[in-house]
1. Nearest 10 degrees is fine. How inclined is helix 47-57 to the longest principal axis of the chain, computing both from alpha carbons?
2. Based on the Cβ-Cβ distance of residue 55 and residue 11, what FRET efficiency does E = 1/(1 + (r/R0)^6) give at R0 = 22 Å, to the nearest 0.05?
3. Provide the per-residue ³J(HN,Hα) series for region 23-37, in order, calculated from phi with Karplus coefficients 6.51, -1.76, 1.60 and θ = phi - 60°, each as a whole number of Hz, with x at glycine and proline positions.
4. Can you sort 34, 1 from fewest to most other Cβ atoms within 10 Å of each residue's own Cβ?
5. Got a sec? Which residues in region 6-25 would a label at residue 40 touch, if it sits 7 Å along Cα→Cβ and we count backbone N under 15 Å?
6. Run the numbers on region 2-57 and let me know its relative contact order in percent, using alpha-carbon pairs under 8 Å that are six or more apart.
7. Report the far tail of the P(r) of the chain, meaning the percent of Cα-Cα pairs longer than 20 Å.
8. In terms of modelled amide H atoms, which long-range or inter-chain residues lie less than 5 Å from the amide H of residue 43?
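Computed from the coordinates by the stated procedures, all read-outs in this text should not be read as laboratory data. It should be emphasised that the depicted structure is a prediction, and the values quoted were computed from it without experimental measurement. Every residue, glycine among them, receives a Cβ derived from its backbone with ideal geometry; neighbour counts consider all protein chains shown.
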Amino acid sequence: MLSTLTDAADRDYRLYVLSDGVADLDPHAHQALMTGIFPRLAHIVDTAELRSLLRESRPDRA
């Protein structure tokens, strides 16, 4: 995931990482990525926050 995230960030995509949707077998590596690396490249949100962001971005329907 790190290489994909880095490549997308290099291409200036607006990125979101779902904190409750990713994992690493090594808990120390996971913590380092989630607190040190990923926040430099993407917005870290959970699925509830993402749902809220998507609702807010929808245009009003008549």
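1. With both axes taken from Cα atoms, the answer is about 40 degrees.
2. Numbers: r = 27 Å, r/R0 = 1.22.
E(calc), rounded to 0.05, equals 0.25.
3. 7, 9, 4, 9, x, 5, 5, 4, 4, 4, 5, 6, 10, x, 9
4. Fewest to most other Cβ atoms nearby, the residues stand as 1, 34.
5. 6-10
6. Numbers: 40 pairs, mean separation 24.2, N = 56.
Normalised by residue count, the contact order of region 2-57 is 43 percent.
7. On the way: 654 of 1891 pairs.
Result for the distance tail: 35 percent.
8. Under 5 Å from the amide H of residue 43 lie the amide H atoms of 15, 16, 17, each far enough along the sequence or on another chain.
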